Amino acid sequence: MKRNILKGIAFAAAVAAVFPTATAQTSPSGVKVEHLGVNNTLVRLEGDARYLLMPVQESNDDAKINVLVDGKLDKTIYVKLAKSKVDYQVPLDLEKYKGHKVVLNVVTSQDRSSVREASNDACWNNFSLSDTFDTANREKYRPVFHHTPLYGWMNDPNGMFYKDGVWHLYYQTNPYGSKWQNMTWGHSSSKDLVNWEHHPLAIEPDGLGTIFSGSSVLDTRNTAGFGPDAVVSLYTSAAESQIQSMAHSKDGGMTFEKYPGNPVITLGSEARDPNMFWHEATGQWVLLLAHALEHEMLVYTSPDLKDWTLRSSFGKGLGAQDGVWECPDLFELAVDGSDKKKWVLLCNLNPGGPFGGSATQYFVGDFDGKTFTPDLDAEGKVPTKWMDFGKDHYATVSFSDAPQGRRTVLGWMSNWQYAAEVPTQQYRSANTLPRDLGLFTAPDGQIYLASAPSPEVDSMRGQLMKKSGKASLSSKPRNFQLPAANDGICEISFDLAARNGSTVTMTLANTKGEKVVMTYDSKANILSFDRTESGLVDFSQDFPAVTVAPVLDPKEKLSVRMFVDRSSIEVFGNGGELVMTNLVFPNEPYSTLSVSSNGKADITDLRIWSLAPAK
């Protein structure tokens, strides 16, 4: 008998060696972890709470997580689960799963020699259940007066509209980490374009794919049949293919219902970012779709937002052709100082910007409801025009149905060259200041786009810290102190009169010797922006840079407005005829503005305001 028992034990041991049982770890927070293999683990939620907090290590590869609810797949997400250390946590919202069994089936990609080795990853002991998720700012460089997500990654603004006194901003976000993944529409709203309220996720991935950029309109004519107050959105569903889908909202954009007939547009090649508007002259909806790899925009029309007909294409061989074309927008504007109106087609592209990476180009022309025809320059060519001459202005699109006929835009304030590497973790990326657009005619006879800070921006002004009249400039710098409040954020405005081809240098600096140097060359009619010594610059070889903007319509004075936030500087010249947007990461706030000249020049009407943080 004893011999048979020993044989049985030996056999069991041998079986266990070949077919090991799952190992389990139970956390005191109500999370049970079961390791099924070197790359597969179950995480069972045995407690009751609003959130599951998941530990992230940004340098790690994505883990694939199937969220099972009562044994059925609810969603699949990708999270950089911590291996050797926890950088931060991200929440999985469990509210809609209340009263149900939730299990995460986790598949990791790391090589492991055994289950025991896999079970030592830092993530498994750091899952936790909680009724709260702390979004209090922990970032030195989080902007004060620019929109940012509460946490996680953000890129393109999209789906933006104005309704009943509220500006609605949707944006590409990753709710499960601060790098690009799990594309979803986040949602914020504002009554003044300055102070933003954050809302729950608006449109989440489904069986057709993740949710890429798109647009929203107010279907006041009820052409789609969802009701006269419906907000209708089109977006790109991105998986193995990119197809265009629809959703609508009956509560002013707070929640959306996806159209059961999705997708509404399919194409046998890569196309994305549908942007639509009502064309009054032809009584139909018009949609632009970025035919990304073909470097063109496709024009569709529809009577009901559901059935779309391809009418034309624009762009092959025109403008900047590098990278991919993305995020189109098409709208009509009056030309300042004339009775003319022209159409503007925004075309964002990456890479191929004037200083590397991503940027926004545009075309001016005419549109008849089906075809866009660009204006030509004096040589009979279609000129390449840039909306912003900084490195950090991309995915710029406008709000639909803005009041008083305004054309108001927001951009993504970053660059694909280094967006995932900037020195923040709780969140990544901000939007530009809101800008109102107009058209002006330059001395070369061409019509250009002006982009000025929206009027609402003035409401941020706090105390007027400095006011100065006319002062002559020389090689000896004139120094002006910047506000110390709110980490030095401020607005600076002044006029420069440079004579006889002189050059004026403007330097923002701190006590560590970090500086941004802007140079106005009145002979060459250019303004440059040098951030090579601006602070932290070594996180990417593409970040240290000098950007240069042309002064398209030189005047007696160059009027400058400059907005300094914790990690960005936006410069507007001559009412937005010149614009540069650049990120900066100084180790301490800039504390002085120094202005000098190598010849005859004056600075007049200098104003420096402290800016109040968003409430």
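Below is a table of values for the structure above.
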read-out	value
Residue among 224, 230 that is within 15 Å of residue 400 (Cβ to Cβ) and free of Cβ contacts under 8 Å to residues at least 40 places away in the same chain	230
Of residues in region 484-503 being of a type in the set (Asp, Glu) and within 23 Å of residue 575 (Cβ to Cβ), the one surrounded by the most Cβ atoms within 10 Å (Cβ to Cβ)	491
Residue list for region 91-133, filter: surrounded by fewer than 12 Cβ atoms within 10 Å (Cβ to Cβ) and within 27 Å of residue 429 (Cβ to Cβ)	95, 109, 132
Any pair with Cβ under 6 angstrom, 6 or more apart, that starts in region 296-324 at a residue that is touching a residue at least 60 places away in the same chain (Cβ under 8 Å) and ends at one that is basic (Lys, Arg)	299/311; 301/311; 311/370; 312/370
Residue match in region 193-201 (condition: of a type outside the set (Phe, Trp, Tyr), out of contact with any Ser or Thr (no Cβ under 8 Å at 6 or more places or on another chain), in contact (Cβ under 8 Å) with a residue 40 or more places away in the chain and surrounded by 15 or more Cβ atoms within 10 Å (Cβ to Cβ))	yes
Residue tally, condition over 13 Å from residue 244 (Cα atoms) and surrounded by fewer than 18 Cβ atoms within 10 Å (Cβ to Cβ), over region 285-308	4
Strands (runs of 3 or more DSSP E) wholly inside region 375-472 that include at least 2 residues being outside the structural domain of residue 290 (by TED's automatic domain parsing) and modelled with pLDDT under 95	461-468
Qualifying residue in region 563-574 (condition: aromatic (Phe, Trp, Tyr), in contact with an Asp or Glu (Cβ under 9 Å, 6 or more places away or on another chain) and either crowded, with 20+ Cβ neighbours inside 10 Å or farther than 20 Å from residue 430 by Cα (or both))	yes
Among the residues listed as 512, 523, the single one being part of a loop (DSSP other than H, G, I, E, B) and closer than 17 Å to residue 578 by Cα	523
Single match in 290, 281 (criterion: in contact (Cβ under 8 Å) with a residue 60 or more places away in the chain and within 17 Å of residue 344 (Cα to Cα))	281
Any hit, region 549-556, residues being over 20 Å from residue 392 (Cβ atoms), small (Gly, Ala, Ser), not assigned by TED's automatic domain parsing to the domain that holds residue 396 and not in a loop (DSSP other than H, G, I, E, B)	no
Listing of strands (runs of 3 or more DSSP E) fully contained in region 149-228 that carry 1 or more residues being under 23 Å from residue 346 (Cα atoms) and at pLDDT 95 or above	152-163, 166-174, 184-190, 210-218
Residue 599 being at pLDDT 95 or above and in contact with a Gly (Cβ under 9 Å, 6 or more places away or on another chain)	no
Number of the condition not met by residue 518 [criteria: (1) under 30 Å from the mean Cα position of the chain (by Cα); (2) not in a strand (DSSP E or B)]	(2)
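The values are calculated or read from the model by the stated rules, or taken from the named source; none is laboratory data. Predicted model, so just to flag it, every value in this text is computed and none were measured. Every residue, glycine as well, gets a Cβ built from its backbone with ideal geometry; the counts of neighbours run over all protein chains shown.
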